[in-house]
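*Asks:* Okay, handing you the structure first.
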Amino acid sequence: MMKIKALPDVPRWAVLAAHAVPLVTLPSGLWRLALVAGLPVTQDAELGTMGFGVSVYVVSLSVVSELLAFLTLGLVRSWGEVFPRWMPFLGGRRVNPAAATGAAFAGVAGLCALAGWGVYASVADLGPGIPASPAQDALLIACYAPLLAWPVLVAAVAASYYRRRTSAGRGQYGAGRPAASSWV
């Protein structure tokens, strides 16, 4: 069985949830990359022939969303407790649990707002829509539906991180510095 890297005091469910976050963002990113590449994910020929600026934006959106999803791993690994030494000004310092969870829950709020707006825009028929066949619509839904799990997973992992790092008897910033063997 494959071993998933995490700190020893992190609950297994939190480790699995943190590792699931980059996986739930991947299908939508791949759909956007297919759109930029001109693959037949829509019936609109104009969408497949985007200008350079729009193509860069769409690819950047995919890359940034995946990088943000990978940040969730910091809530279960040592670099979420002590900044890596290579980071300028912060290297070797403890990560403030309130700051880390505050950033995570701000992300959750933003993701919920985006999801709410997307549902509202779809129901209210705002915008031109994406012309597609039923199979293309099914592919779009299959690629974007996993994104609904993103804020839920991040919220659960962030709550676990905060509880673990601020429990009674552990001091203001959680346990001592992780052992060298736990740096993963």
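The values are calculated or read from the model by the stated rules, or taken from the named source; none is laboratory data. Everything numeric in this text was worked out from a predicted model, so none of it was measured. So basically every Cβ, Gly included, is an ideal-geometry build from the backbone, and we count neighbours across all protein chains shown. In case anyone asks, the SASA skips ligands and DNA or RNA and just uses the protein heavy atoms, side chains included. Shrake-Rupley method; radii C 1.70, N 1.55, O 1.52, S 1.80 Å.
*Asks:* Can you send over the solvent-accessible area of PHE105, 1.4 Å probe, protein chains only, in Å² to the nearest 10?
*Replies:* About 90 Å², ignoring ligands and nucleic acids.
*Asks:* Can you list the equivalent-ellipsoid semi-axes of the range 47-148, largest first and in whole Å, using the square root of 5 times each Cα gyration tensor eigenvalue? Please report the intermediate quantities before stating the final value.
*Replies:* Details: eigenvalues 249, 60, 30 Å².
Rounded to whole Å, the semi-axes are 35, 17, 12.
*Asks:* Here's another thing I want to ask about it. Note down the magnitude of the dipole of the range 1-93 about its Cα centre, charges +1 on Lys and Arg C-beta and -1 on Asp and Glu C-beta and zero elsewhere, to the nearest 20 debye.
*Replies:* It works out to roughly 500 debye.
*Asks:* Averaged across orientations, what area in nm² does the convex hull of the alpha carbons in the range 1-81 project? Intermediate values should be presented prior to the final figure.
*Replies:* Details: hull surface 27.8 nm².
Over every viewing direction, the Cα hull of the range 1-81 projects on average to 7.0 nm².
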